[in-house]
Structures are given as C-alpha cells and as structure tokens.
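Visitor: Below is the structure I would like to discuss, written out as structure tokens.
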Amino acid sequence: MKKILPASQSAIQKTKVDDHKICFSFEHFDSSDEEVCPPIFLPYYTQTLMERLKALSAWTLKEFMNSHSKSIRAHPHTWAETARPKGFQHVNEQLKSTPSWQFQLSGNEYGRVHGFFIGNTFYVVWLDQDHKLYPRK
C-alpha cells in the first residue's frame, strides 16, 4: 500500500536541496577567537546582521553559491590565504573538511560572516566585523 502524502509535503520531498531557501544555525558559533569574532560590535551591527540574514533567507542555496553580487561577495574560503590557515578548529574532522563560505553584511563597514553549509543550512561560525580573517594587504 502506497502512502499518499499531502500535496505540499510531496512537493517538498521532490525538490532538490539547492532549490530550498537558506536557513541559518548558530550551533557551531565560536566566540572564543576575539580577533575574528569580537565581543563588542559597532552600533547597528546587530540590526545590519539580522537584515542580511533575513534577506538571504529568501535565497536558495543555488542562488547563493552562484551569486556574483558585489553586495553579498559570497565565496568559499581559501584557508591558506587567511589569518587562520587551519580553518575552523573547534569543529569535528568531518565538518573541517566541509567547504566553508563567507558573505558580507554591507560593504566593508560591518565585515563578513563565516561558516559552512550542510544542506541548505548555513552554520554561522564567526562574525568577523573587522575583516580580520582576510587581512587587507
């Protein structure tokens, strides 16, 4: 006997993960490295962060990963070119091998958000307000 799913549930199961909207998790957030995640933020940082997360929540994973938008500047990390060449050290080995990404909040004023995707969920690791992970040359 075949189980009949409600139309909306059936449609969800048929769509690919990269067609799902992005969600955010702070499960792997790391505030222990104050250089790449400072304890005190600029005025309006929290509002700017939440507005960016809200806006990106309307994007699909595919849109995010294929974006060439200068307002987002989303791209994967090249750890060897960063101030933390060993990457995210506090996560398990499996997560360390997961490609990591960054995106900007608004120009250079509020820096970058660093993390990684599992499915369509972006796990925020660092809130790099001062752009310390990729130091300016």
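The values are calculated or read from the model by the stated rules, or taken from the named source; none is laboratory data. Given the structure is predicted, the values throughout are model-derived calculations rather than measurements. Note that we place each Cβ from the backbone using ideal geometry, even for glycine, and neighbour counts take in every protein chain shown.
Visitor: For region 28-49, state whether one or more residues are over 15 Å from the mean Cα position of the chain (by Cα), among the polar types (S, T, N, Q) and assigned to a loop (DSSP other than H, G, I, E, B).
Guide: Yes, that holds for at least one residue.
Visitor: Let me ask something additional. Given the condition touching a strand residue (DSSP E or B) at 6+ places or on another chain (Cβ under 8 Å) and surrounded by fewer than 13 Cβ atoms within 10 Å (Cβ to Cβ), answer yes or no: does some residue in region 27-49 qualify?
Guide: yes
Visitor: Kindly evaluate Ala11 against the criterion of being in a helix (DSSP H, G or I) and either modelled with pLDDT of 95 or more or surrounded by 12 or more Cβ atoms within 10 Å (Cβ to Cβ) (or both).
Guide: no
Visitor: Report yes if Gly107 is touching a residue at least 40 places away in the same chain (Cβ under 8 Å) and either more than 20 Å from Ser31 (Cβ to Cβ) or touching a Ser or Thr at 6+ places or on another chain (Cβ under 7 Å) (or both), otherwise no.
Guide: No; evaluated as a whole, the condition is false for this residue.
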